[in-house]
1. If we scan region 10-22, do we find a residue that is under 19 Å from residue 114 (Cβ atoms), part of a helix (DSSP H, G or I) and not acidic (Asp, Glu)?
2. Given 133, 127, which one is crowded, with 16+ Cβ neighbours inside 10 Å and closer than 25 Å to residue 12 by Cα?
3. Looking at region 88-105, can you tell me whether even one residue there is under 30 Å from residue 140 (Cα atoms), surrounded by 14 or more Cβ atoms within 10 Å (Cβ to Cβ) and away from the ligand (no atom under 16 Å from the Cβ)?
4. Residue pairs, Cβ under 9 Å, 6 or more apart or interchain, first in region 26-42 and closer than 13 Å to residue 145 by Cβ, second hydroxyl-bearing (Ser, Thr, Tyr). List them.
5. Restricting attention to region 15-38, which residues are within 16 Å of the ligand (Cβ to nearest atom), acidic (Asp, Glu) and more than 16 Å from residue 62 (Cα to Cα)?
6. Among the residues of region 44-51, is any buried (at least 18 other Cβ atoms within 10 Å of the Cβ) and basic (Lys, Arg)?
7. List every residue pair whose Cβ atoms lie under 7 Å apart, where the two residues are 6 or more positions apart in sequence or sit on different chains, the first residue falls within region 81-101 and is on the phi > 0 side of the Ramachandran plot, and the second residue, located anywhere, is of a type outside the set (Asp, Glu).
8. Output the residue which, of all residues in region 99-127 that are outside any helix (DSSP H, G or I) and aliphatic (A, V, I, L, M), is farthest from the chain's Cα centre (by Cα).
Amino acid sequence: MDGKPADVAVIMGSQSDWATMKHAAETLDQLGISHDDRIVSAHRTPDRLVEFAHGAKAAGFKVVIAGAGGAAHLPGMTAAMTPLPVFGVPVESKALSGQDSLLSIVQMPAGIPVGTLAIGRAGAVNAALLAAAVLALTNPALAERLDTYRAEQTAKVAAAPSDDA
Ligand code: RP5
């Protein structure tokens, strides 16, 4: 770190969410986006959540990615306490395969939005790409890196399936 605050806060409800949320962190790394990864539990560390969410904008973050599983209140409660855009990643839970996480993140009441992604790794990667798209609006160098990322992805798709792939 160069002393500048990170652009993206990647928060998660538990250490057990890291296996999923590290895909968001890795995608941000690929795009050269600074991020700060933290465990903030809505239920087990509510004071930490209040402190983080109330201070997130003043701390210099521009986007928050919040991953949680089960009764996943972290993204919604964070969105309630910060004006920053919050992207929620439903972590795949053991009991209900992440359906509980998805529904508890996506069904926000009108007035407090959480941009909700897919369950699991795809959601974590896409949360990072959405964060990148937001930041790229005011960062032309990042916009170029995002274009390159997508062009490389396109170039990797074969025209026809193969038995050897
Ligand atoms: C949620 O409970 C976390 O986001 C996690 O997905 C889930 C289970 O947490 P652990 O019991 O594994 O710590 O708060």
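The values are calculated or read from the model by the stated rules, or taken from the named source; none is laboratory data. Remember, predicted model here, so these are calculated numbers, not experimental data. Here Cβ is always computed from backbone atoms with ideal geometry, including for glycine, and neighbour counts include all displayed protein chains.
1. Yes, there is a match, as at least one residue in region 10-22 is under 19 Å from residue 114 (Cβ atoms), part of a helix (DSSP H, G or I) and not acidic (Asp, Glu).
2. Working: 133 fails: crowded, with 16+ Cβ neighbours inside 10 Å.
Step by step, each of 133, 127 is checked, and only 127 is crowded, with 16+ Cβ neighbours inside 10 Å and closer than 25 Å to residue 12 by Cα.
3. Taking region 88-105 first, the residues under 30 Å from residue 140 (Cα atoms) are 88-89.
Now narrow it down to the ones that are surrounded by 14 or more Cβ atoms within 10 Å (Cβ to Cβ): 88-89.
Add one more test, that the residue is away from the ligand (no atom under 16 Å from the Cβ), and what stays is none.
Looking through region 88-105, none of the residues is under 30 Å from residue 140 (Cα atoms), surrounded by 14 or more Cβ atoms within 10 Å (Cβ to Cβ) and away from the ligand (no atom under 16 Å from the Cβ).
4. Between residues of region 26-42 that are closer than 13 Å to residue 145 by Cβ and residues that are hydroxyl-bearing (Ser, Thr, Tyr), the close pairs are 27/149; 28/34; 30/149; 31/149; 33/27.
5. Selection gives 17 alone.
6. Step one: filter region 44-51 for residues buried (at least 18 other Cβ atoms within 10 Å of the Cβ), giving 49.
Those still in the list that are basic (Lys, Arg) too: none.
The answer is no, given that none of the residues of region 44-51 is buried (at least 18 other Cβ atoms within 10 Å of the Cβ) and basic (Lys, Arg).
7. 98/69; 98/90; 98/91; 98/119; 98/120
8. Here is the first cut: in region 99-127, the ones outside any helix (DSSP H, G or I) are 107-120.
Still in the list and also aliphatic (A, V, I, L, M): 108, 110, 112, 114, 117-119.
Working: 108: 17, 110: 21, 112: 17, 114: 11, 117: 8, 118: 11, 119: 12 Å.
Top of the filtered list is 110.
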